[in-house]
Every structure is written in structure tokens, then in C-alpha cells.
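Everything on this sheet refers to the single structure shown next.
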Amino acid sequence: MSTRIPIGIVMNGVTGRMGYRQHLVRSILAIRDGGGVPLSDGTVLWPEPVLVGRNEAKLRDLAARHGLTEFTTDLGAALARDDVQIYFDAQVTSEREKAIGLAVAAGRHIYTEKPTATTLHGAVELARAADAAGVKHGVVQDKLFLPGLRKLQRLVDGGFFGRILSVRGEFGYWVFEGDWQAAQRPSWNYRTADGGGIVVDMFPHWHYVLEQLFAPVRAVTAHVTTHIPRRWDERGAAYEATADDSAYGIFELDGGVVAQINSSWAVRVYRDELVEFQVDGTEGSAVAGLRACRVQHRATTPKPVWNPDLPVTDAFRAQWQEVPDNDEYDNGFKAQWEIFLRHVAEDAPYTWDLWSGARGVQLAELGLQSAREGRRVEVPELGR
């Protein structure tokens, strides 16, 4: 039987939707259910979560539900424990910067949701502080691990597209206002003062997707709006939605690639998945979603003719080919957790650090600037 090595993880914000479902249940507890994380020397890393939040009753109930014993509302006490090596943050964005700063000062390795801070200055200062402290740091970039995007990455790596010309992304769904049907997202998402807004939420995602799959972003042009100005919160009280709920962005990448991505919580879905990316190249095209990916090669591309006087007879969707799985795809959050845990335990390679997170915050900040000023904004290199 392999030697089990415990690794303590302070998990802050696990009473929230994302922190609970994806990070605690589907990642850390799933890793434990699977026997831990095997290391190269034959030992097994065993995550020991310490749950942190503001509501002791919720923490106690959550811990009891999953057979856990360690929880507290005192973040400082949790970070001071000798058996803790990692701090994880899934709180609301407005609370994240201060908490990560405390964890860095305590010498804990950092793994966090995004955005890493409410401002670019704050995100950069966190990255610099973590580097200076010598702690390892990572940022959740889960969409890179989605089956559809992993298939898309395989196509890029294999040269399927030839020269990539453009990327078109559609993301979003209708989030109910909360008056006659409960909203699917927490109300703070729609208040600027609480760190809400679709730009600060989604542009960091689009940054790492574009940067990792295609090329660095060099300029952004964005139009941002609040389509639904009045919503109802979790208690049924009406409130003014001060944060943007829709953003329409054009991103210019190295090499002349142009990406257009629409993000909206005020759109009804007429596509196969909640997010889809179409990539067009000189040799072929692909459409990738959360799980599926379809391709059309240059040699099999049909020759449509525009004729508005006759009904369309082409079955356009049927002319695309499904990309096979050719692999087993685990939960994306869990997969990235395992990579980060190996990074901490044995210095295995890891790419997505606080600097990557800061570049995502930078893109969101510049996107909002572009929308305010009605102009194209270049994206400068971040100095360390």
C-alpha cells in the first residue's frame, strides 16, 4: 500500500455555489474518493480540507454532510495551523485580495478562483508578493480542461486549421430576474460595488482561452451594457442592477487573428451548448462547446450560393464531422486541482499562476475602459 502524505488546504468560500459544488465536492472530495493524488515517487498526496466561511452553522452542516471535522470562521487561525500548506479562495471577488494577502504573509501556497482582485494594481501586487515570499501560486482556468476545448487544442497543435483567421465565441443564457422565478446566479453578480459584472467575470476566462489556445491578446474593443436594470435578490427584494450583464468584445491577437466574443446573462440559448467557439482557418474550421467539437476541412467545405428567392436546401450542420473523444475527460476543476497539488508537492510544471490571473484582470479593466471611452485599447505587457 502506498504511503499517504497529508496536505492541508484552507478552503475559503466553500458555502458558495462554485466553491461547494466544483471545488469541494467535485474536486477535493472526489480526489479523496479516488484514493488521493499519486506522485512520481509512488507516494499518494491526501488533501485534508479546512473549511472557512462567515456562517458557522452553514459550515457545520456542510462538514457533517461530508464527514469532515475541520471548519472555522477565523481565517487567521486556519492559516496559522502547522498542518496547512495551501490556501484556496472561492469568495466573492471583493473579499479575495485581502484574504490572499494574509495567506501569502503566512507563507501558504495560493490557489484561487478568478478574478484574483478587483483592480489590476491589486492583482499585480498579489503576484509580486507571492513571488517575493517564494510560495507557489495558481489560478483556476477551468475552461481549458473542458472536453470541447481540449479537442480544439488538439486540432490547433496538429495544425488542422492552417493559418488561423478568426475566433467567434458565444456565451450566455437567460438569468431570471428573480421576481417570478428565482435567479440562477447570486445577486451580488449584478452590483458593481460587490465586484459584480459580466466583464470582470468572463473577460478573464476569455483571456486565458485566447492566450493558451491561440495567441496573446494585443488590443480590445468592447461595448458593455446592462440590459436588465432591475432585479430581485435572494430575499425577494427588488434592487437596481448597477453592474453590466452583457458585453460584446473584439480581441486582436498576435499574428492577425481576430476574436469576437459575446457574453450575456440576458440571452436565450439557440445553440447546442452554453458556450461555443467557432475557429476558422485557411485549411479548416471547427466549432467547439463544453463537450463536443465538430470540424469541416477545406477539402470537404461545400460551396453555398446566396439566393434569397429560394429556400435553403443545404443541411449545413450535417456537413460537419464530429471530433472523437480519443481520451477520458475528468472534471476540469478536479483535473487542474491535481496538477496544482503535484506542483506544490514535487514541483511539477504549472503554467497558470497569479501573473496569468493578473493578465485576465488587465483585459477586463481595459475592456471596461474601451466601453467607457468608445475606442480600441491596446493591451501592454505587464511588468513584474
Listed with the fewest Cβ neighbours within 10 Å leading, Phe214, Phe160 appear as Phe160, Phe214
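Counting other Cβ atoms within 10 Å, keep those with at most 11, restrict to DSSP loop, and tell me which trypsin sites (Lys or Arg not before Pro) in region 256-330 are left. Walk me through the intermediate numbers first.
Numbers: sites: Arg268, Arg271, Arg291, Arg294, Arg298, Arg317; in loops: Arg268, Arg271, Arg291.
The qualifying sites are Arg268.
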GluC sites (Glu not before Pro), restricted to region 326-384: which are DSSP loop and have at most 12 other Cβ atoms within 10 Å? Glu328, Glu381
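So if I place +1 on the C-beta of Lys and Arg and -1 on the C-beta of Asp and Glu, and nothing else carries charge, what would the dipole magnitude of the chain be about its Cα centre? I want it in debye, nearest 20. Walk me through the numbers before you get to the answer.
Details: 42 positive and 50 negative charges, 62 e Å.
Dipole of the chain, to the nearest 20 debye: 300 debye.
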Roughly what angle does helix 56-65 make with the longest principal axis of the chain, taking Cα atoms, 0 to 90 degrees, to the nearest 10? 80 degrees
log10 I(q)/I(0), Debye, Cα-only region 121-179, no solvent, q = 0.19, 0.21, 0.28, 0.30 Å⁻¹? -0.88, -0.90, -1.17, -1.26
State the antiparallel share, in %, of DSSP beta bridges confined to region 1-129, rounding to the nearest 5. 10 percent
Considering only C-alpha atoms, what is the centroid distance from region 291-327 to region 267-285, in Å? 12 Å
Cα centroid separation - region 1-47 against region 335-381, whole Å: 24 Å
For the chain, what is the mean residue ellipticity at 222 nm derived from helices alone (per DSSP H run of n ≥ 4: -39500 (n - 2.57); sum divided by total residues; nearest 500 deg cm²/dmol)? -8500 deg cm²/dmol
Which chymotrypsin sites (Phe, Trp or Tyr not before Pro) in region 243-325 pass both tests, a DSSP loop state and at most 12 other beta-carbon atoms within 10 Å? Tyr270, Trp306
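Could you estimate the translational diffusion coefficient of region 1-98 from the Stokes-Einstein equation, with Rh from the Kirkwood formula over C-alpha pairs, at 10 °C and 1.306 mPa s, in whole µm²/s? Intermediate results must be reported in sequence, preceding the final value.
Numbers: Rh = 13.9 Å.
D, rounded to a whole number, is 114 µm²/s.
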Equivalent ellipsoid, region 149-212 (semi-axes from 5 times Cα gyration tensor eigenvalues, Å): 34, 14, 9
Let me check I have the definition right: for the chain, take the eigenvalues of the Cα gyration tensor, multiply each by 5, take square roots. What are those semi-axes in whole Å, largest first? 36, 26, 21
Helix 120-133 vs. the chain, principal-axis angle (Cα, 0 to 90°, nearest 10): 50 degrees
Radius of gyration and Dmax over the Cα atoms of region 293-384, both given in Å: 22.4, 66
State the answer as a single residue: which of Met11, Val104, Phe171 lies farthest towards the positive end of the charge dipole of the chain, with beta carbon charges of +1 for Lys and Arg and -1 for Asp and Glu, about the Cα centre. Phe171
What angle, in degrees between 0 and 90 and rounded to the nearest 10, separates the Cα long axis of helix 198-213 from the longest principal axis of the Cα atoms of the chain? 80 degrees
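Laboratory data are not the source of any read-out in this text; all were calculated from the coordinates shown. Since this is a predicted model, take the numbers as computed values, not measurements. Glycine also receives a Cβ, built like all others from the backbone with ideal geometry; neighbour counts cover every protein chain displayed.
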